[in-house]
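Working notes, beginning with the structure itself.
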Amino acid sequence: MNQIITLSAQVPVVGQYDTVVCGGGPAGFIAAIAAARQGAKTALIEQYGFLGGMATTGFVAPLSVFTYNNEKVIGGIPWEFIERLQAMGGGLIEKPLGNVAFDPEMYKLCCQQMVLEAGVELYMHSYLCGCTKSADGHIENVIITNKNGFEAIGGKVFIDCTGDADLAHFAGAEMLPDEGKPLQPLSSYFILGGVDTTSPRIDQAMHHNRQGVNCHCESIRDELVARREELGIPEFGGPWFCTTLQPGVVTVNMTRTAANACDNRDYTAAECRLREQAYQMAAVLRDNFEEFKNCYVLAVAPTAGIRETRRVKGLHVITAQEYVSAFRYDDSVSRGAHPIDIHVASGPAQNVTFLKSPAYVPYRSLLAESLDNLLVAGRCISADKTSFASLRVQASCMGTGQAAGVAAAQCAASGRDVRKADVAALMDTLREIGTVI
Ligand SMILES: Cc1cc2nc3c(=O)[nH]c(=O)nc-3n(C[C@H](O)[C@H](O)[C@H](O)COP(=O)(O)OP(=O)(O)OC[C@H]3O[C@@H](n4cnc5c(N)ncnc54)[C@H](O)[C@@H]3O)c2cc1C
């Protein structure tokens, strides 16, 4: 039986901001830049010593998808970041699909520079572990823990970009139901060196540039499926390979395991299983495919890749029907163009539905029903499991981050409840900064 221990602590308030962004992944670092550029005094809290979220902690590649048939879908600050990354030599925009291959180290540097140039105050190595609320339910502070101990950061408007809706959860927001379906599986990417990236098969597989097709390496998959028992291969996905822009090096996405990443023990066990799998899969590739005969593991992603956990129940829940019909809401603030991509929790299956045209995201899906000063962006927005399976990709997360950042800055300046934001002004500003809505 669990014993409950009550702690009381004196927690200093170490900063007071217009906007506090929790989580420095694709949604979070873009939200912070967007808010700061609108004039908001902005803090960004991140548990690791670098930004980028799944791109840099999980090596998740490519960054999907900024365009649809070469037409830009996610513009503004996200696209500025991509162009800057490419100009630094750390990104490769794959046309016509708008996937972006990247060097994870340059990604970290590029987004850090943009965040600092915008004047954002960074709290790295700081884990969000709670919040305080006023009697009327307003979030007043977030509580972080780091080498200084516990610290509180006060704000007018908060943005939850933790992927797992941690802040919304701590603040008591309602989450969406599971629709009777399991969570999508976790996967740890790993990076291989010594690969023959000049071979036609790997060269084609590591460039995700074909519209309307799943970019996994089909011939390797077919052989692995046929010989799975003989080779003793655990369940796997893909395999997907992606260039890191260095010769002989590819990221590999093929491990998978079912787990709930918001349950610490479940997540810990999954992390250990996936690290074992990464080495197992590397050996399978090395022993069975000519292009990999000299390969070696350069790195296993620092954290297991999380596809799905909590999603907030917002003022509006994006439905599959709205999403696939590209319904244009009166308060559309971002877009999504990636296929609906559902990985089955147990087993190698993946259900992919390609969109006929890019979809829209309403502002109301970034708001928790019960909280007047919280926005959410990225993977934890209010979308049903089907539309989420497209919106979870990184370009879409950057898009919702951008909208949330601008909205937070405007609401902090006007003192408005985020649920009563001036949506016309928000949409005008988003268009001015390059959003395609
Ligand atoms: C196996 C796999 C394959 C995928 N394939 C693709 C793909 O091909 N293309 C694509 O674009 N997307 C892909 N995705 C999806 C994509 O990577 C994520 O959905 C996306 O990164 C979510 O962005 P986010 O900003 O919402 O969250 P995240 O990227 O998870 O960022 C959240 C950030 O918040 C920080 N954080 C979390 N909790 C706390 C806390 N309590 N305190 C402090 N900091 C915290 C994290 O450290 C992290 O930096 C894939 C995902 C997986 C797992």
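Rg/Rh for region 343-437 stands at 1.04; both radii use Cα atoms, and Rh follows the Kirkwood definition.
Each Lys and Arg Cβ is given +1 and each Asp and Glu Cβ -1; about its Cα centre, region 190-300 then shows a dipole of about 160 debye. Using only side-chain charges placed at the Cβ, +1 for Lys and Arg and -1 for Asp and Glu, the dipole size of region 1-147 relative to its Cα centre rounds to 100 debye. Applying 0.36 nm per residue to the separation of Ser414 and Gln211 and subtracting their alpha-carbon distance, the gain on full extension is 68.8 nm.
Provide the gained length on full extension for the span Leu245 to Val13, in nm with one decimal, where the gain is 0.36 nm per separating residue minus the Cα-Cα distance. Please list the in-between numbers first.
Numbers: separation 232, 0.36 × 232 = 83.52 nm, distance 4.35 nm.
Result for the pair: 79.2 nm of gain on full extension.
Assign one of three labels to region 190-300, namely rounded, prolate or oblate, based on the Cα gyration tensor with a ≥ b ≥ c the square roots of its eigenvalues; rounded applies when a/c is under 1.5, prolate when it is not and a/b is larger than b/c, and oblate otherwise. Intermediate results must be reported in sequence, preceding the final value.
On the way: a/c = 1.57, a/b = 1.50, b/c = 1.05.
Since a/c reaches 1.5 and a/b is larger than b/c, the shape of region 190-300 is classed as prolate.
At a 10 angstrom cut-off on C-beta neighbours, averaged per residue, how do the peptides 304-312, 169-177 rank from highest to lowest?
304-312, 169-177
Each of Thr57, Met114, Val300 was placed along the dipole of the chain (beta-carbon charges, centred on the mean Cα), and the one lying farthest toward the positive end is Met114. Report the antiparallel proportion of the DSSP beta bridges in the chain as a percent, rounded to a multiple of 5. Just about 70 percent of them are antiparallel. Take every DSSP beta bridge whose two residues both sit in region 286-437; close to 90 percent of them are antiparallel. Working from Cα pairs under 8 Å separated by at least six residues, relative contact order for region 190-300 is 38 percent. Its relative contact order, with pairs defined as Cα atoms under 8 Å and 6+ residues apart, puts region 57-203 at 16 percent.
When the dipole is taken about the Cα centre of the chain, and only Lys, Arg (+1) and Asp, Glu (-1) are charged at their Cβ, what size is it in debye, to the nearest 20? If you can, show how the numbers build up before the last one.
Numbers: 36 positive and 46 negative charges, 41 e Å.
Here the chain has a charge dipole of around 200 debye.
Does anything in region 287-302 have its amide N under 16 Å from the 7 Å Cα→Cβ label point of Glu230, and if so which residues? Within reach of a label on Glu230: 287-290. Remark: region 211-220, residue by residue, has Karplus-estimated 3J(HN,Hα) of 6, x, 10, 7, 8, 6, 8, 5, 5, 5 Hz, where x stands for each Gly or Pro and the curve is 6.51 cos²θ - 1.76 cosθ + 1.60 at θ = phi - 60°.
Counting pairwise Cα distances across the chain, what percent come out greater than 40 angstrom?
Working: 13907 of 95266 pairs.
For the chain, the share of Cα pairs beyond 40 Å comes to 15 percent.
Sorting the Cα pairs of region 260-307 by distance into bins of 5 Å, from 0 upward, gives 5, 20, 24, 17, 14, 11, 6, 3, 0 percent per bin. Considering only Met88, Met114, Met206, the mean-square fluctuation computed in a Gaussian network model of the chain, springs between alpha carbons under 10 angstrom, is largest for Met88. Ordered from longest to shortest, the equivalent ellipsoid semi-axes for region 8-51 are 21, 15, 6 Å, each the square root of 5 times a Cα gyration tensor eigenvalue.
For every other residue with a beta carbon closer than 14 angstrom to the beta carbon of Val344, add +1 if it is Lys or Arg and -1 if Asp or Glu, then tell me the sum. Present the calculation step by step, with values, prior to reporting the outcome.
On the way: positive: Lys181, Arg256, Arg307, Lys385; negative: Glu235, Glu308, Asp341.
Here the count lands on +1.
A simple rule links phi to the HN-Hα coupling: the Karplus curve 6.51 cos²θ - 1.76 cosθ + 1.60 with θ = phi - 60°, which for region 22-35 gives 9, x, x, x, x, 5, x, 6, 5, 4, 5, 4, 4, 5 Hz, with x for Gly and Pro. Cross-link check: pairs Lys72/Lys356; Lys72/Lys385; Lys72/Lys108 evaluated at a Cα-Cα cut-off of 20 Å; pairs beyond the cut-off: Lys72/Lys385; Lys72/Lys108.
So which trypsin sites (Lys or Arg not before Pro) in region 97-186 are both in a DSSP loop and have at most 11 other Cβ atoms within 10 Å of their Cβ? Here the sparse-neighbourhood loop sites are Lys147. Straightening the chain between Asp422 and Ala269 buys 50.5 nm, computed as 0.36 nm per residue apart minus the Cα-Cα spacing. Distance between the modelled labels on Ile5 and Asp178, one decimal in nanometres: 3.0 nm (7 Å Cα→Cβ projection).
Only helices enter the 222 nm calculation for the chain: every DSSP H run of n ≥ 4 contributes -39,500 (n - 2.57), and dividing by all residues gives -9000 deg cm²/dmol, rounded to 500. Lys and Arg at +1, Asp and Glu at -1: add these up for the other residues within a Cβ distance under 11 Å of Gln246 and post the number. It works out to a net charge of -2. With Cα atoms defining each centre, region 1-42 and region 98-174 are spaced 4 Å apart in the structure. Normalised by the number of residues in the chain, the average gap of Cα pairs under 8 Å and 6 or more apart makes the relative contact order 23 percent. Placing unit charges on the Cβ atoms of the charged side chains and taking the dipole of the chain about its Cα centre, the candidate lying farthest along the positive direction among Thr251, Ser332, Gly405 is Ser332.
Please work out the FRET efficiency for the pair Gln204 and Ser346, using the Cβ-Cβ distance as r and a Förster radius of 30 Å; give the result to the nearest 0.05. Numbers along the way, then the final one.
Details: r = 30 Å, r/R0 = 1.00.
That pair, Gln204 with Ser346, gives E of 0.50.
When ranked by the protection proxy of mean other Cβ atoms within 10 Å per residue, highest first, what sequence do the peptides 63-74, 418-429 form? Don't skip to the end; give the middle numbers.
On the way: 63-74: 22.0, 418-429: 16.4.
So the order, starting with the most tightly packed, is 63-74, 418-429.
Each of Ser370 and Ala283 was given a label point 7 Å from its Cα along the Cα-to-Cβ line. The distance between the two points is 5.0 nm.
Rounded, prolate or oblate, given the Cα gyration tensor of region 311-379, with a/c below 1.5 counting as rounded? Let's see the in-between values first.
Numbers: a/c = 2.83, a/b = 1.45, b/c = 1.96.
Oblate, since a/c reaches 1.5 and b/c is not below a/b.
For Ile433 and Thr145, what does the FRET efficiency come to when R0 = 45 Å and r is the distance between their Cβ atoms, rounded to the nearest 0.05?
Working: r = 34 Å, r/R0 = 0.76.
In this case the efficiency is close to 0.85.
Remark on Ala299: its backbone amide H falls under 5 Å from those of Ile191, a criterion applied only to residues 5 or more positions apart or on other chains, H modelled at 1.01 Å from N.
Could you tell me the calculated FRET efficiency between Arg328 and Asp222, based on Cβ-Cβ distance and R0 = 45 angstrom, to the nearest 0.05?
Numbers: r = 41 Å, r/R0 = 0.90.
Once the sixth-power term is evaluated, E becomes 0.65.
Ranked from largest to smallest solvent-accessible area, with a 1.4 Å probe on the protein heavy atoms, Asp417, Asp287 come out as Asp287, Asp417.
The values are calculated or read from the model by the stated rules, or taken from the named source; none is laboratory data. All values reported here derive from a predicted model rather than from experimental measurement. Note that we place each Cβ from the backbone using ideal geometry, even for glycine, and neighbour counts take in every protein chain shown. In case anyone asks, the SASA skips ligands and DNA or RNA and just uses the protein heavy atoms, side chains included. Shrake-Rupley method; radii C 1.70, N 1.55, O 1.52, S 1.80 Å.
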